[in-house]
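Asker: Please see the structure below; I have some questions.
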Amino acid sequence: MALLLAIESSCDETAVAIVRGNKGSATEVLASEVSSQIELHREHGGVVPELASRNHSLRLPALVSKAIADAGVRMEEIDAFAATSGPGLASSLLIGSTAAKGMACAAGRPFLGINHLEGHLLSPFLGRTEVPPHLALIVSGGHTLLIDVEAAGCYRKLGSTRDDAAGEAFDKVGKMIGLPYPGGPEIEKVARGGDPAAYSFPRSMLHDPHLDFSFSGLKTAVLYTLQRECDHLRVPDLAASFQQAVVDTLVGKTMRALGSSGRRVLGLSGGVSMNSALRSAFETACRGSGVELAVAPPALCTDNAAMIAFAALLRHLDGSTTPLSEDIHPNLPLV
Ligand code: KG4
Ligand code: ZN
């Protein structure tokens, strides 16, 4: 059994987790602390990098102590330390990565730098004994990615967004209609009282043969509708129609990718996978196609350190380490 402590600080959540696991056994999350900075950034309508990094460094020490206490372990028992090394905000990544390297160095244990997107991708399988071959859809604030997964660490990109990420589209549309940051969960709430067929919005590139996505045309269509409807605007209808257009596009392309890849398992991850309209559309589509849908529990969908710890644990068990001289990579691709 190996014990691993990981830090996530790529954007506006400061998170520390401790996991325990071994090859062939399900990984246990002994502690998972997430300190969200959303309230701090909300008044600015989005993430302010300087505020984010300052708060990561202020909050990390207490979060590490709390994780150690909650897990009921001693620092000397931790076998390896990990941190998100990218993609993300440089000044934020630097805080988590430097802290994890410092702890690894002091304890004389290995350090692992982890790709944030790999953390998301693996999160639906955290409680399982293995990561099966599958198709992965990562839908977060910064990324929309379709990945063919042969095994953990063995990835092939099938498609990605050509402009805005799905979560970014939610956030920008939320801002347009005056909802607080981040727009995704707010749009979901407002959309509950609306008619998803009220406004006709584009499902961009849905029928194109490639597997890339585009959400900027949808965002512009929402803007034109806002300008045209003015006083007649029905916000719940607009939110529901926008959400439905995103859901149809994501589900349509993903089910097509599943058909052509032949994979029988779909792993859905990232902050947007919290969206219940998206989850239920995927549940229906997967049931109809005999595909198993694997979605992480809500606490593992938005940014957290347990997913980073899990990705790091799999690498640690394979004997992999990252040199302490390795820098952070704000634009790190997954593949
Ligand atoms: O994965 P995540 O926490 O951070 C990134 O790696 O980007 O994803 C954050 C994104 C935000 O854009 C947020 O609006 C979106 O996930 N999100 C949602 C919901 N909850 C979070 N989007 C739609 N519906 C939700 N319920
Ligand atoms: Zn994320």
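The values are calculated or read from the model by the stated rules, or taken from the named source; none is laboratory data. Please read all numbers here as calculations on a predicted model, not as lab measurements. In this analysis, Cβ positions are derived from the backbone assuming ideal geometry, glycine residues included, and neighbour counts consider all displayed protein chains.
Asker: Would you point out the residue of the range 113-160, among those that are more than 14 Å from ligand 2 (Cβ to nearest atom) and hydroxyl-bearing (S, T, Y), that is farthest from N331 (Cα to Cα)?
Answerer: Taking the candidates together, the pick is T129.
Asker: So which of A257, A240, A221 is at negative phi, in a helix (DSSP H, G or I) and within 16 Å of ligand 1 (Cβ to nearest atom)?
Answerer: Checking each option against the conditions leaves just A240.
Asker: When you look at G194, is it away from ligand 2 (no atom under 16 Å from the Cβ) and either at pLDDT below 95 or surrounded by 19 or more Cβ atoms within 10 Å (Cβ to Cβ) (or both), yes or no?
Answerer: When the stated conditions are applied, G194 passes them.
Asker: Looking at A106, A62, A69, A90 in this structure, which one is surrounded by fewer than 17 Cβ atoms within 10 Å (Cβ to Cβ), within 16 Å of ligand 1 (Cβ to nearest atom) and either in contact (Cβ under 8 Å) with a residue 24 or more places away in the chain or not hydroxyl-bearing (S, T, Y) (or both)?
Answerer: Within the list A106, A62, A69, A90, the selection yields A90.
Asker: Which residue pairs have Cβ atoms under 8 Å apart, sit 6 or more places apart or on different chains, and have a first residue in the range 162-191 that is without any contact (Cβ under 8 Å) to a residue 40 or more places away in the chain and a second that is surrounded by fewer than 17 Cβ atoms within 10 Å (Cβ to Cβ) and among the basic types (K, R)?
Answerer: Close Cβ pairs (under 8 Å, with a partner that is surrounded by fewer than 17 Cβ atoms within 10 Å (Cβ to Cβ) and among the basic types (K, R)) amount to G183/K175.
Asker: Looking at the structure I just gave you, is G142 near ligand 1 (Cβ under 9 Å from one of its atoms) and surrounded by fewer than 24 Cβ atoms within 10 Å (Cβ to Cβ)?
Answerer: Considered against the rule, which asks whether it is near ligand 1 (Cβ under 9 Å from one of its atoms) and surrounded by fewer than 24 Cβ atoms within 10 Å (Cβ to Cβ), G142 comes out as yes.
Asker: While we're looking at this one, here's another question. Which one is farthest from F215 (Cα to Cα) among residues in the range 141-200 that are part of a strand (DSSP E or B), of a type in the set (G, A, S) and within 18 Å of the chain's Cα centre (by Cα)?
Answerer: Let us first name the residues in the range 141-200 that are part of a strand (DSSP E or B), namely 144-151, 154-161.
Okay, now just the ones that are also of a type in the set (G, A, S), so 151, 159-160.
Restricting the remaining residues to those that are within 18 Å of the chain's Cα centre (by Cα) gives 159-160.
Details: G159: 14, S160: 11 Å.
Result: G159.
Asker: When T98 is evaluated against the numbered criteria (1) in contact with a Gly (Cβ under 7 Å, 6 or more places away or on another chain); (2) without any contact (Cβ under 8 Å) to a residue 24 or more places away in the chain, which criterion, by number, is the only one it fails?
Answerer: The single condition T98 does not satisfy is (1).
Asker: Looking for whichever is of a type outside the set (S, T, N, Q) and either farther than 19 Å from S160 by Cβ or not assigned by TED's automatic domain parsing to the domain that holds R156 (or both) here; the options are F242, F215, F282. Which one fits?
Answerer: F242
Asker: Quick one: in the range 9-33, of everything that is assigned to a strand (DSSP E or B) and farther than 21 Å from R74 by Cα, which residue is farthest from the chain's Cα centre (by Cα)?
Answerer: T14
Asker: Pairs, please: C-beta under 6 Å, at least 6 apart or cross-chain, first residue under 14 Å from E130 (Cα atoms) and among the polar types (S, T, N, Q) and in the range 289-317, second away from ligand 2 (no atom under 11 Å from the Cβ) and part of a loop (DSSP other than H, G, I, E, B)?
Answerer: none
Asker: Tell me which residues, restricted to the range 58-73, are under 19 Å from F111 (Cβ atoms) and part of a loop (DSSP other than H, G, I, E, B).
Answerer: V73 - this is the single residue of the range 58-73 that is under 19 Å from F111 (Cβ atoms) and part of a loop (DSSP other than H, G, I, E, B).
Asker: In the range 299-324, how many residues are more than 9 Å from ligand 1 (Cβ to nearest atom) and either assigned to a helix (DSSP H, G or I) or crowded, with 18+ Cβ neighbours inside 10 Å (or both)? Outline the logic, then answer.
Answerer: Taking the range 299-324 and keeping what is more than 9 Å from ligand 1 (Cβ to nearest atom), we get 299-300, 305-324.
Add one more test, that the residue is either assigned to a helix (DSSP H, G or I) or crowded, with 18+ Cβ neighbours inside 10 Å (or both), and what stays is 299-300, 305-317, 322.
Of the residues in the range 299-324, 16 are more than 9 Å from ligand 1 (Cβ to nearest atom) and either assigned to a helix (DSSP H, G or I) or crowded, with 18+ Cβ neighbours inside 10 Å (or both).
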